[in-house]
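Accompanying notes for the structure given below.
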Amino acid sequence: MNTTKVFTSMEELQNLLHDSDSKKTAVILPGKGDFPKQQKVFIEKFSLISQKKLPLEVIPVQGSLHVFFKNPFDNPEDVSEELNKVGLDVLLSQESINLYHELQAYTNPLDIPGLALKRGQEKSSLFPYQTLALNLALERKKSGDPFYFFNMGTGTGKSVVAAAGSQYLINQGEVDLVLFFTLRTVKPEIRRLYETSTTLSPCIPDRDKATRKRFYDLNEHFNVYILNYEKARRSVDFELLKNLIEGKRVLFVLDEVQKVVNGNQAREGLQSLFKACTPVIWPMTASVVGNSAERYFKVFQWSKKNPFGTLKDFRKDYLDHVEKRAYKVRLRTGRIIEQENRKYIYSLDKVRLAPRRVLPYSLAIRKSDPGVREYFKEMSFQAIPLQLSKEDRELYDYLEDLWLEDDRRYDGKSVRTLEFFRLLRYSCLTGESLLKTTSELALELPPKLLKKLSASTSTKLERVLDDVESIVEGGDKVIVFTHWTNLSLKIISREMKSRGIIHALHYGGQTTLQNEEAKKRFKTTSECNVLLSSDAGSHGMNMPEARVVINFDCPYDYDTLMQRNDRIDRADTFLDGLESRLYYYEDTVEEYIWGVNNERRLLSSSLQGTQESFSRSSSMTEEAFGLDFLKELKKKKLFKKSKEGKA
């Protein structure tokens with residue numbers, strides 16, 4: 001019979017471990033604070049616990065298992081019982097029990113006069129996990145640090161929490177104004193949220209600079225300004241915003257903060273705006289990691305004290321190694337220079353310690369978490385491998401041979417390495433896509449080959465169109481995502497029209513009004529059941545009317561793919577059987593990109609202490625390193641042909 005014992009100090013724990021004769025002991029510690037130096041060993045998932053899907057971090061130490069309880073919706077005493085059932089004795093810290101009850105108190109409903117939430121036509125309130133996040137942010141502000149990072153999964157209602165927090169802080173007289181920074185395409189939806197859910201007065205200062213200035217001058221009438229990040233640039237509205245907020249108490253909501261974590265003009269403007277007032281800073285996103293763990297580090301630089309220390313400290317604690325690759329680039333002047341890419345490879349084992357460092361500053365919340373998943377429908381994901389058609393395989397192999405020959409000629413430092421990689425990627429869209437690109441390499445292809453380029457030979461395009469027809473005939477709505485506008489979206493649209501598939505278009509080349517009309521048509525009419533969108537629609541769109549997402553191509557970043565899929569996976573989703581599909585060609589650069597996407601998913605999961613999964617129950621650096629993958633793939637193909645020849 002396995003047992004659970006509660007301890008109150010590390011000294012008591014050491015004595016219990018010393019006296020224990022069990023070889024299978026789990027030690028449950030709170031997921032915050034410093035843990036002893038002698039326990040700095042790598043973390044791994046213990047198979048029995050993983051099978052039970054318990055949200056625990058496990059460290060093997062001197063024959064025992066140190067389990068760091070981290071989810072506020074899991075009672076550590078219940079977790080202990082589960083561990084007993086799988087054959088483990090448990091030593092449970094009293095501090096873990098206290099932390100659980102402390103956090104549970106934060107889920108009690110907040111009284112926020114003026115807040116009127118709805119789900120459909122029904123009156124509603126914040127979900128417990130949303131209340132928890134908001135309470136933790138408010139508690140952080142009381143402690144003297146106005147920074148709190150809302151690391152909440154897409155579709156979990158970050159914007160709703162921000163609107164509720166805005167109403168609360170203005171009600172309490174703790175802030176005078178709200179500056180809500182977000183993506184350009186999302187601004188109308190944010191304004192609707194404030195107009196329908198709060199008594200605050202939102203506005204979107206757009207159009208020419210003189211018109212925007214009038215909005216800023218009317219600050220007695222508006223207390224919520226909804227802005228795209230470009231407005232913070234010194235060359236745009238920085239001075240107008242500085243005059244608006246100077247000397248005031250301002251809540252800065254930084255929605256999709258990944259857009260400004262790296263040094264750019266908008267980030268520099270924000271830094272200066274923070275200094276011009278008394279700020280409360282709420283960055284929000286579920287997709288901050290992207291292609292680099294260091295983006296996660298940079299979010300916390302807006303806190304009074306970065307919990308990771310300096311970037312040098314961060315690398316020292318979590319970096320595994322650095323990969324370098326040199327390549328040549330032709331400048332616009334025609335001059336050729338050599339550049340070196342550095343790829344910082346972070347240890348998945350080491351970064352699993354990172355979530356415990358940021359608990360006072362942030363709590364990661366995902367749809368797969370207990371206490372959250374109950375509010376969402378199940379969603380399935382399929383990555384579907386396809387084979388190039390005979391014609392497209394001949395084209396692909398021809399381009400691949402050109403690249404490898406070029407690489408050999410210049411001893412691995414060809415000036416056209418990146419261009420070749422991209423050309424191969426474009427050829428995986430459709431053959432016709434090569435006719436749409438401005439690449440000089442594409443123009444140099446033999447005229448005989450150029451005449452053969454066609455979308456009609458694309459296995460992927462035919463499969464996607466067949467699937468879309470099947471979904472629509474079944475009475476469901478579907479969103480089709482592709483990254484490129486001219487290279488793929490417009491080609492897909494033309495082929496849909498030729499098949500009589502009625503669809504709406506959403507992409508960055510259209511005006512905000514055109515995109516809003518496209519979304520409205522898709523959401524509200526029965527004849528339009530297909531929305532074809534570029535990645536301009538991967539953020540901010542709320543499409544609970546659709547049951548299926550189709551990804552025509554695979555992005556490098558897990559975050560982008562997650563954002564696409566989660567357009568239909570929302571808190572107000574009413575459909576069952578949600579589904580996402582991704583198509584990629586085997587034995588091509590698309591297979592490499594899908595692999596990179598999975599690597600980044602694992603990094604994001606380890607670094608944030610989350611379960612990053614698509615299912616529930618473009619970077620120059622990657623293109624440079626993609627050549628190594630291609631060479632290995634070529635070796636396999638040559639080896640296979642050699643064996644077939646001998647046979």
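Length available on full extension from Phe574 to Arg494: 0.36 nm per residue minus the Cα-Cα distance, which gives 25.6 nm.
Report the antiparallel proportion of the DSSP beta bridges in the chain as a percent, rounded to a multiple of 5.
Here the share of antiparallel DSSP bridges comes out near 25 percent.
Using the Cβ-Cβ distance between Arg234 and Glu189 with R0 set to 41 Å, the FRET efficiency works out to roughly 0.90. What is the sum of charges around Lys305, taking Lys and Arg as +1, Asp and Glu as -1, for the other residues whose C-beta is under 13 Å from the C-beta of Lys305? Neighbourhood net charge equals +1.
Dividing the summed -39500 (n - 2.57) terms of all DSSP H runs of n ≥ 4 by the residue count of the chain sets its mean residue ellipticity at 222 nm at -12500 deg cm²/dmol.
The Thr8 and Lys213 beta-carbon pair, evaluated with R₀ = 60 Å, returns a calculated FRET efficiency of approximately 0.45. The accessible surface of the chain, taken with every protein chain in place and a 1.4 Å probe, is 48 percent carbon and sulfur.
From the Cα gyration tensor of the range 160-250, with a ≥ b ≥ c the square roots of its eigenvalues, which class applies: rounded if a/c is under 1.5, or else prolate if a/b is larger than b/c, or else oblate? Since a/c reaches 1.5 but b/c is at least a/b, the shape of the range 160-250 is classed as oblate.
As a quick test, which of the pairs Lys5/Lys350; Lys123/Lys187; Lys316/Lys343; Lys259/Lys343 have an alpha carbon distance above 22 angstrom in this structure? Don't skip to the end; give the middle numbers.
Details: Lys5/Lys350 29 Å; Lys123/Lys187 24 Å; Lys316/Lys343 15 Å; Lys259/Lys343 20 Å.
Distance filter (> 22 Å) returns Lys5/Lys350; Lys123/Lys187.
Heavy-atom accessible surface of the chain, averaged per residue, reaches 45 Å², computed with a 1.4 Å probe.
What number does the chain give for Rg over Rh if you use C-alpha atoms and the Kirkwood radius?
Result for the chain is an Rg/Rh of 0.98.
For the range 242-315, the relative contact order comes to 35 percent (Cα pairs under 8 Å, sequence separation of at least 6). Measuring between their Cα centroids, the range 125-167 and the range 580-595 lie 37 Å from each other. Give me the Debye-computed log₁₀ of I(q)/I(0) at q = 0.19 Å⁻¹ for the range 79-213, equal point scatterers on Cα only, no solvent, two decimals. Computed log10 I(q)/I(0) values: -1.19. Diffusion coefficient (Stokes-Einstein, Kirkwood radius over C-alpha pairs, 20 °C, 1.002 mPa s) for the range 378-515: 127 µm²/s, rounded to a whole number.
Provide the gained length on full extension for the span Glu338 to Asp397, in nm with one decimal, where the gain is 0.36 nm per separating residue minus the Cα-Cα distance.
18.5 nm
Dividing the convex hull volume of the alpha carbon atoms of the range 439-502 by its residue count gives 93 Å³ per residue. Please label the shape of the range 398-471 as rounded, prolate or oblate, based on the square roots a ≥ b ≥ c of the eigenvalues of the alpha-carbon gyration tensor (a/c under 1.5 means rounded; beyond that, a/b larger than b/c means prolate, else oblate). Judged from the Cα gyration tensor, the range 398-471 comes out prolate (a/c at least 1.5, a/b above b/c). Distance from the alpha carbon centroid of the range 456-510 to that of the range 263-288 works out to 38 angstrom. Can you compute the FRET efficiency between Arg408 and Arg119 using 1/(1 + (r/R0)^6), with r the Cβ-Cβ distance and R0 = 60 Å? Round to the nearest 0.05. So, using R0 = 60 Å, E works out to roughly 0.50.
The values are calculated or read from the model by the stated rules, or taken from the named source; none is laboratory data. Note that the structure is predicted; figures quoted are calculated from it, not measured. Cβ coordinates were reconstructed from backbone atoms using ideal geometry, including for glycine residues, and neighbour counts include every protein chain displayed. Side chains are part of the model used for accessible areas, which takes the heavy atoms of the whole protein and leaves out ligands, DNA and RNA. Shrake-Rupley method; radii C 1.70, N 1.55, O 1.52, S 1.80 Å.
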